[in-house]
Amino acid sequence: MYLKRLYSHQDRDPDVALATAPRLKIIHANEIWRVTPAALLEGVMAGYITMSKSRVVIHGIVPGGTTRTTQDVVFRIKRVPGLWCCHCGLRLISSPVAQKHVIDQHAGLVSPDKNNPSGYQQLNAVECIRE
Ligand SMILES: [Zn+2]
């Protein structure tokens, strides 16, 4: 995901900046978007991201368009930060639980994720899938 914040003198006043959102140019949107919770909340606070249930909508300006030419890019939250099984995608609550799960449920199998040979992954971002 490549986004570009657009600034103006009005941005110095937070109330004006919120009232004039969106002020973001969407340069490129991938099918999978991994974003930190802080960046997600910053977008909500600035007004260029809205969230409802598991949907995340980025309100931006179409490349080459004017500030009136907006485009929404919609994502659905697939995974939140935490431990996840690389074999079956189950969310795991702690490292001991993750180790026990992999031993009990996937014994003898090589992890499908070569970057996580333990069979489970620590995800530090919110993983979103484009709709
Ligand atoms: Zn599993």
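The values are calculated or read from the model by the stated rules, or taken from the named source; none is laboratory data. Since the model is a prediction, treat every value here as computed from it, not as a measurement. Backbone-built Cβ (ideal geometry, glycine too); neighbour counts: all protein chains shown.
Among the residues of segment 33-50, is there at least one that is within 16 Å of the ligand (Cβ to nearest atom) and under 15 Å from the mean Cα position of the chain (by Cα)? Write out each step before concluding.
Initially, segment 33-50 is screened for residues within 16 Å of the ligand (Cβ to nearest atom), giving none.
No; the residues of segment 33-50 include none that is within 16 Å of the ligand (Cβ to nearest atom) and under 15 Å from the mean Cα position of the chain (by Cα).
Of the numbered conditions (1) within 23 Å of the chain's Cα centre (by Cα); (2) within 11 Å of the ligand (Cβ to nearest atom); (3) loosely packed, with under 12 Cβ neighbours inside 10 Å, Asp72 fails exactly one; give the number of that condition.
Here Asp72 clears every test but (2).
Would you point out the residue of segment 83-122, among those that are surrounded by 11 or more Cβ atoms within 10 Å (Cβ to Cβ) and within 30 Å of Ile27 (Cβ to Cβ), that is nearest to the ligand (Cβ to nearest atom)?
The selected residue is Trp84.
Can you go through Leu24, Leu109, Leu83 and tell me which one is under 20 Å from the mean Cα position of the chain (by Cα) and at pLDDT 95 or above? First the steps, then the outcome.
Numbers: Leu24 fails: at pLDDT 95 or above; Leu109 fails: under 20 Å from the mean Cα position of the chain (by Cα).
One residue alone meets the criteria, Leu83.
Condition first: at pLDDT 95 or above, in the same structural domain as Glu31 (by TED's automatic domain parsing), in contact with a Lys or Arg (Cβ under 9 Å, 6 or more places away or on another chain) and within 15 Å of Ala29 (Cβ to Cβ). Can you find one or more residues in segment 60-70 that meet it?
Filtering segment 60-70 for residues at pLDDT 95 or above gives none.
Within segment 60-70 (the criterion being at pLDDT 95 or above, in the same structural domain as Glu31 (by TED's automatic domain parsing), in contact with a Lys or Arg (Cβ under 9 Å, 6 or more places away or on another chain) and within 15 Å of Ala29 (Cβ to Cβ)), the answer is no, since none of the residues qualifies.
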